[in-house]
Amino acid sequence: MPGHDARQADTVTPRPDAATAPRRIVVGVSGATGIVYATRLLEVLRQAGTETHLVITPAAGMTRACETDLSAEDLRALADVSYPIGDLTAPISSGSFQTMGMIVAPCSMRSLAEIAYGMTGNLLTRAADVTLKERRRLLLMARETPLSMTHLRAMIAVTESGGIVAPPVPAFYTRPESLDDIVNHTVARLLDLFDIDTGAPRWGDEAAGLAATRAEHNGRKA
Ligand SMILES: Cc1cc2nc3c(=O)[nH]c(=O)nc-3n(C[C@H](O)[C@H](O)[C@H](O)COP(=O)(O)O)c2cc1C
């Protein structure tokens, strides 16, 4: 993607024990700000050898145009398969189509609410509803601030149904030097929930110098 490198994606190694499951993830992109999370996620999943099935809302077309130089075709080309938002006959609309689960990144409050209350008005929210009913992993990278009680209640409802709400909140203990570092770390934490290791730095990781940071802190306290 122009302006963003994919260094992180080059280091991705799929976990061997994931080989038995169909290596296929549904990716939904809705109209919250942060479409870079979707592009990086698709790049990393491709590097990880995971088949991606993409559905994009019309509002995400607006954020794509506002936030990137990508065309709709460029975005779709990052996935293995992509579907029109209105195609409720698509494979991902049925639980019989096996997947590891679904990630909605970023997830708008509108899509969050539809998913939370089982209102499956388009293919993205239908696919998310299917993911919940099949008891598969559903990750919603919900993005809004500040949050109203309506948003918070929807997050509770989706969590009670087995979904995971994972907002894109940066960590600073990794000492990010760029927007890429922040995006890569957030995507990595998301993919941890699918047991896909992107090789991103972790707390306690000697190679990344994070263990040294902790040791230094403990030394100061002593
Ligand atoms: C540039 C831009 C940024 C937006 N950012 C957010 C956001 O961060 N969170 C959100 O819930 N909605 C955001 N919206 C509004 C959503 O796009 C709008 O609610 C839309 O109806 C969501 O539809 P969807 O869930 O079908 O994508 C944004 C809209 C635009 C144009």
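The values are calculated or read from the model by the stated rules, or taken from the named source; none is laboratory data. Since the structure is predicted, the reported quantities are computational estimates derived from the model, not experimental observations. Positions of Cβ are backbone-derived with ideal geometry, glycine not excepted, and every protein chain shown enters the neighbour counts.
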Exercise. Which condition number in (1) closer than 20 Å to ALA60 by Cα; (2) surrounded by fewer than 21 Cβ atoms within 10 Å (Cβ to Cβ) is the one that TYR173 fails?
Worked result: (1)
For this session: Confirm whether ALA142 is surrounded by 20 or more Cβ atoms within 10 Å (Cβ to Cβ) and either within 14 Å of the ligand (Cβ to nearest atom) or charged (D, E, K, R) (or both).
Result: yes
Problem set entry | Residues of the stretch 121-162 satisfying the condition of being over 19 Å from PHE97 (Cβ atoms) and either of a type in the set (Gly, Ala, Ser) or touching a residue at least 60 places away in the same chain (Cβ under 8 Å) (or both) | GLY121, MET141, ALA142, ARG143, GLU144, SER148, ALA154, ALA157, SER161
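Suppose the filter is touching a residue at least 60 places away in the same chain (Cβ under 8 Å), more than 12 Å from the ligand (Cβ to nearest atom), surrounded by fewer than 21 Cβ atoms within 10 Å (Cβ to Cβ) and over 24 Å from MET149 (Cβ atoms); does LEU70 pass it?
Details: touching a residue at least 60 places away in the same chain (Cβ under 8 Å): yes; more than 12 Å from the ligand (Cβ to nearest atom): yes; surrounded by fewer than 21 Cβ atoms within 10 Å (Cβ to Cβ): yes; over 24 Å from MET149 (Cβ atoms): yes.
Spelling it out, LEU70 is indeed touching a residue at least 60 places away in the same chain (Cβ under 8 Å), more than 12 Å from the ligand (Cβ to nearest atom), surrounded by fewer than 21 Cβ atoms within 10 Å (Cβ to Cβ) and over 24 Å from MET149 (Cβ atoms).
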Exercise. Is it the case that the stretch 169-185 has a residue that's among the polar types (S, T, N, Q), part of a helix (DSSP H, G or I) and under 26 Å from ARG23 (Cα atoms)?
Worked result: yes
For this session: Only residues in the stretch 82-109 that are among the small types (Gly, Ala, Ser) and away from the ligand (no atom under 16 Å from the Cβ) count as the first member; pair them with residues that are part of a loop (DSSP other than H, G, I, E, B) and at pLDDT 95 or above, Cβ under 6 angstrom, at least 6 apart or cross-chain, and list the lot.
Result: GLY95/GLU134; GLY101/ARG136
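Yes or no: ALA79 touching an Asp or Glu at 6+ places or on another chain (Cβ under 7 Å) and either at pLDDT below 95 or outside any helix (DSSP H, G or I) (or both)? Walk me through how you get there before you give the answer.
Numbers: touching an Asp or Glu at 6+ places or on another chain (Cβ under 7 Å): no; either at pLDDT below 95 or outside any helix (DSSP H, G or I) (or both): yes.
So ALA79 fails the test.
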